[in-house]
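Heads up: the structure comes next, in structure tokens.
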Amino acid sequence: MTRGLLGLVASGCGGVEIWFRKDLAEPAAQRGWRLAITLTPTVVPWFEEAGELDKLQALTDLDIRWTPRLPSQPKPYPTPDAVIFAPASANSVAKLALGIGDNQALTALNEAIGVEGCKVVVMPQANADKRRHPMWETHVATLTGAGVVVVTDEAPGRLLDLLDT
Ligand SMILES: Cc1cc2nc3c(=O)[nH]c(=O)nc-3n(C[C@H](O)[C@H](O)[C@H](O)COP(=O)(O)O)c2cc1C
């Protein structure tokens, strides 16, 4: 069964290179999602060093993205039906809440928030020190107010269930 196009976005959080494919991307593909995977520039070398990029690429016919297209190039991804941003670093949560799209991952996420009917799920991974930043709660509230589903302490595999509710 093909469910549609699922955008998966990952940022530079500890352990991502260990669980992102195994616990999120592979289960998503197994559930029938076509994957559009976009990475922040920070996390690309992490996946490369772990030998994960090729394995991730093998899960989808769409090229994994982390750089923007040239103006002369067509959009590589169709509009997604849903997007999961996991793990979301404190840095990228703050930028997303402010609408900053200074890399391809944030550009895709910012656009997805504006797409009618596109469910966007964000799983922040930030320790207590980062969450004590005076703007943290405001950023989370801003995203929630825009219809984004912000989850805490969720197992990566469970994120996919949220797309069915
Ligand atoms: C090994 C390592 C682990 C990190 N883990 C986290 C993390 O779990 N959460 C977080 O918010 N930042 C973490 N950081 C810091 C982010 O990688 C850093 O803020 C970076 O600028 C995030 O960039 P991005 O949001 O564009 O991916 C970590 C950094 C390193 C080097």
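The values are calculated or read from the model by the stated rules, or taken from the named source; none is laboratory data. Small disclaimer: the values here were computed from a predicted structure and weren't measured. Reconstructed Cβ throughout: ideal geometry from the backbone, glycine too, with neighbour counts over all protein chains shown.
Residues that are exposed (fewer than 13 other Cβ atoms within 10 Å of the Cβ) and under 24 Å from Gly14 (Cα atoms) were ranked within the range 49-62; the one that is nearest to the ligand (Cβ to nearest atom) is Glu49.
Scan the range 78-92 residue by residue and report those that are of a type in the set (Gly, Ala, Ser) and either assigned to a loop (DSSP other than H, G, I, E, B) or within 16 Å of the ligand (Cβ to nearest atom) (or both). Across the range 78-92, the qualifying residues are Ala86, Ala88, Ser89, Ala90, Ser92.
Taking the range 16-46 as the range and being within 15 Å of the ligand (Cβ to nearest atom), without any contact (Cβ under 8 Å) to a residue 40 or more places away in the chain and in contact with a strand residue (DSSP E or B) (Cβ under 7 Å, 6 or more places away or on another chain) as the test, the residues that pass are Ile37, Val43. Scanning the range 111-137 for residues that are more than 16 Å from the ligand (Cβ to nearest atom) and charged (D, E, K, R) gives Glu111, Glu116, Lys119.
Tally the residues that are modelled with pLDDT of 95 or more and either part of a loop (DSSP other than H, G, I, E, B) or under 15 Å from the mean Cα position of the chain (by Cα) (or both), restricting the search to the range 128-158. Number of matching residues: 11.
Regarding the range 2-11, can at least one residue be identified that is at pLDDT below 95 and out of contact with any strand residue (DSSP E or B) (no Cβ under 6 Å at 6 or more places or on another chain)? For the range 2-11, residues at pLDDT below 95 and out of contact with any strand residue (DSSP E or B) (no Cβ under 6 Å at 6 or more places or on another chain): present.
Does Ala108 count as small (Gly, Ala, Ser), within 20 Å of Gly4 (Cβ to Cβ), within 16 Å of the ligand (Cβ to nearest atom) and in contact with a strand residue (DSSP E or B) (Cβ under 6 Å, 6 or more places away or on another chain)? Yes. So which of Lys22, Lys55, Lys75 ends up being under 24 Å from Asp102 (Cα atoms) and of a type in the set (D, E, K, R)? Step by step, each of Lys22, Lys55, Lys75 is checked, and only Lys75 is under 24 Å from Asp102 (Cα atoms) and of a type in the set (D, E, K, R).
Those helices (runs of 4 or more DSSP H) of the range 4-77 in which at least 3 residues are farther than 26 Å from Asn91 by Cβ, considering only elements entirely within it, cover 26-30. Counting only residues that are under 19 Å from Leu160 (Cβ atoms) and assigned to a loop (DSSP other than H, G, I, E, B), the range 93-114 holds 0 of them.
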